Amino acid sequence: MSDDLGLWSVLLAVIGGAIRVSTPFLFVSLGETITERSGRINLGLEGILVFGAMSAYGTAVLTNSPWAGVAVAALSGAAFGLLHGFVCRLPRVNDVAVGIALMLFGSGLAFFLGKPFIQPSAPPLPAIPLGFWSSLPQVRAALQVNVLFLAGAFLSLVLWWAFRNTKAGLIVRVVGDSADAARAMGYDVDRVRLYATATGGALAGIGGAYLSLSYPGSWNEGVSSGQGLMAVALVIFARWNPLACFGAALLFGGAGALGPALQSVGVSQGYYLYYAAPYVLTLALLIATSSPDRALAGAPGELSLSK
Amino acid sequence: MVAEAALSELSAAPARPSRGLQVRAWLARRSEAVAIPVAAAVTGFLLFGIFLAAQGKSPVQLAELVWRGGFGSAFALGNSLQRAAPLLFAALCVALPARLGLVVIGGEGAIVLGGLAAAAAAQPLAILPAPLAIPLMACAALLAGAVWIGAVGWLQAYRGVNATISSLLLSYIAIAIATHLIEGPLRDPTSLNKPSTLPVGEAFMLGPMPGLGVHWGLGCGVIACLVAYVLMDRTTLGFAARMAGGNVRAAQIQGLPVGRLIVGFTALGGAFAALAGFFEVAAVQGTANGTLAAGYGYTGILVAFLARQNPIAIVPVAFLLGGIEASSGLIQRRMQLPDATVLVLEGLLFLVVLASETLYGRFKLFSPHLWAAKRETAPTPTPSVTA
């Protein structure tokens, strides 16, 4: 029986990996969706992700509570988002460049302050064993679903609904589609973007908390492999739609799990190339979905990325 | 007599200030371009000092160590210049596309591929004499970098793919390809602990520049910056590129080949970045290995932005950051600070300098009009024709 599992085990590992690996993608991309829907792009979410991972881990070590870690990661992420929002509201400051600076600053600060937390181990976030019905250990391992993954899935549904049906969602969309129209309606464009960037930062921070407290589940300087940036590309692929973000995050997670899954069944040829799979996938999707002549369908009108 | 005076006044009238005033106006404009970044950098250092003081470390000691480790002695200077060399090339990879309005942040990939291409080319070229083979190695590197970053430009111009994101993705892909080749097909079987390609050989290694003790990458980097400056600011091609960067519609209406300009200048930037990899292989490491991805590409982004994408300004900024990075080891040992200290400082500098963009044109002191018009307006009232 276990011999028959050959290729199936790869598939199972990819599915399990997709669930495990996709959570940070999901949170960062939902956060970036909120920010970009308000008409600003924050490339610094990569730095916020790393800082979130560090602050969550450090807090969990000190307080012995992973949830306190998640809360601190969200708060620190919001603080970085506020910083981005404040700097970008100055006239003539480029939001893409500020994002790159924040990427550097956030990860630098995380490595600096996180040095003492590399050794100790923190309590992990709880997981729900959804594979209880199966007797196969591989299935059980694949379906150890973390609470944050479910929370992220629920959040994408809520955001999808909120963008359509709530006043706050509409205000964010108006600000992102036409700053002039929003001003004419009496909304403070900069303030809405500030809050949207801060919310996006908080979600990215939670994504970081997942990295250090669940999977891979430790804090070191290589904890993120560019998920924060890939999530920005993912948002474009998902057309700024929170529900599509969920699907795209699963896809990216699966691509990321391909390398380790193949290695576990003994495929060692081109090992490093499989690790590039998520990047190749992102790029291929971007090329396939972009067009030089028109703005992307569903793109917020004020976004510097699509202008 | 009177007629002559009237004539000279007439010819001077259409708002053309005298030579001295022109120089003063030029100086006012230039001093703004120097004063604001310098003030921003000083602010960044001060903020970092406050950060250190909050950690219970002495900012004064840090400044002293940076001076000692980066600039204070001949050895330290040589070390800083050695680190500045790849930064020059990496910064050009950001600055050239930036003039066309593209933010390219994937120079690291071009550096790695350039180094790898040079090392790989050295093997079949081994039959040639060094003066012939070394330039060919450099060409292999140039080609790899030009294709890689040129692809970023092509994707932006003809497929509408954002250059910032595609360049970063391509840089991750480049590093994966390079790791695959260095650990696999191109691996030197004798390199056990540190997988590397076959060494390029003593004969193909570049010596130091005479009298400096720093490899030729530094000299070539400075020359590359000068070439880039002339190209950008003194040629029609550069003017066309800047125009395309300023207003794509206007450039297209003028009939400029915007797409080809974007591809050309990104390819040139990539070729420069690849030279950094070439010199790392041919002047420092002797083989291509994992140390090629040492982060020069990312520091280069910072250098380019601190220099405000001006190729001449890249030279001093690269020297400054090379010095700061060279003193990193000393700071770690003496002050028991983590190696990320330099990263925090760089991030702070980056943020403050970007925020200072908002200050340009805000100070009357730097206004060319103030200086050019000071005495001009009083004797010659503005002719109504120009209005």
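The values are calculated or read from the model by the stated rules, or taken from the named source; none is laboratory data. Predicted model, so just to flag it, every value in this text is computed and none were measured. No Cβ is skipped: glycine too gets one built from the backbone with ideal geometry, and neighbour counts run over all protein chains shown.
The figures follow:
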read-out	value
Entirely in the range A:235-304, the helices (runs of 4 or more DSSP H) that have 2 or more residues that are free of Cβ contacts under 8 Å to residues at least 40 places away in the same chain and aliphatic (A, V, I, L, M)	A:242-264, A:277-289
Residue check for B:Ala294: within 28 Å of B:Leu186 (Cα to Cα), among the aliphatic types (A, V, I, L, M) and outside any helix (DSSP H, G or I)	yes
Neighbours by Cβ (under 7 Å, 6+ apart or cross-chain): first from the range A:109-126, more than 10 Å from every other protein chain (Cβ to nearest Cβ) and closer than 13 Å to A:Leu62 by Cα; second surrounded by fewer than 23 Cβ atoms within 10 Å (Cβ to Cβ) and β-branched (Val, Ile, Thr)	A:Phe117/A:Val61; A:Pro120/A:Val61; A:Ala122/A:Val61
Subset of the range B:333-348 [within 19 Å of the chain's Cα centre (by Cα) and within 7 Å of chain A (Cβ to nearest Cβ)]	B:Leu343, B:Glu346, B:Gly347, B:Leu348
1 or more residues out of contact with any His (no Cβ under 6 Å at 6 or more places or on another chain), modelled with pLDDT of 95 or more and within 30 Å of A:Ser9 (Cα to Cα): qualifying helices (runs of 4 or more DSSP H) within the range A:116-205	A:147-165
Test result for A:Ala209, within 21 Å of B:Ser167 (Cα to Cα), surrounded by 24 or more Cβ atoms within 10 Å (Cβ to Cβ) and in contact with a Gly (Cβ under 8 Å, 6 or more places away or on another chain)	no
Residue that is more than 17 Å from the chain's Cα centre (by Cα), without any contact (Cβ under 8 Å) to a residue 60 or more places away in the chain and not in a loop (DSSP other than H, G, I, E, B), where the choices are B:Ala121, B:Ala76, B:Ala133	B:Ala121
Sole residue being free of Cβ contacts under 8 Å to residues at least 12 places away in the same chain and either under 18 Å from the mean Cα position of the chain (by Cα) or not in a helix (DSSP H, G or I) (or both), chosen from B:Gly219, B:Gly245	B:Gly219
Conditions (1) surrounded by fewer than 24 Cβ atoms within 10 Å (Cβ to Cβ); (2) part of a helix (DSSP H, G or I); (3) within 13 Å of another protein chain (Cβ to nearest Cβ): number failed by A:Ala78	(3)
Filter result for the condition that a residue is under 18 Å from B:Val42 (Cβ atoms) and either among the hydrophobic types (A, V, I, L, M, F, W, C) or at pLDDT 95 or above (or both), over B:Leu320, B:Leu337	B:Leu320
Pair list, Cβ under 8 Å, 6 or more apart: the range B:152-181 residue among the basic types (Lys, Arg), other residue part of a loop (DSSP other than H, G, I, E, B)	B:Arg159/A:Ser290; B:Arg159/A:Ser291; B:Arg159/A:Pro292
Verdict on B:Ala144 being touching a strand residue (DSSP E or B) at 6+ places or on another chain (Cβ under 6 Å) and not aromatic (Phe, Trp, Tyr)	no
Search result, residues across the range B:158-169 that are among the hydrophobic types (A, V, I, L, M, F, W, C) and facing another protein chain (nearest Cβ under 7 Å)	B:Val161, B:Ile165, B:Leu168, B:Leu169
Residue that is farthest from A:Ser38 (Cα to Cα), among those in the range A:83-101 that are in a helix (DSSP H, G or I) and facing chain B (nearest Cβ under 7 Å)	A:Ala101
Qualifying positions in the range A:254-292 - exposed (fewer than 13 other Cβ atoms within 10 Å of the Cβ) and among the small types (Gly, Ala, Ser)	A:Ser264, A:Gly266, A:Ser268, A:Ala284, A:Ala288, A:Ser291
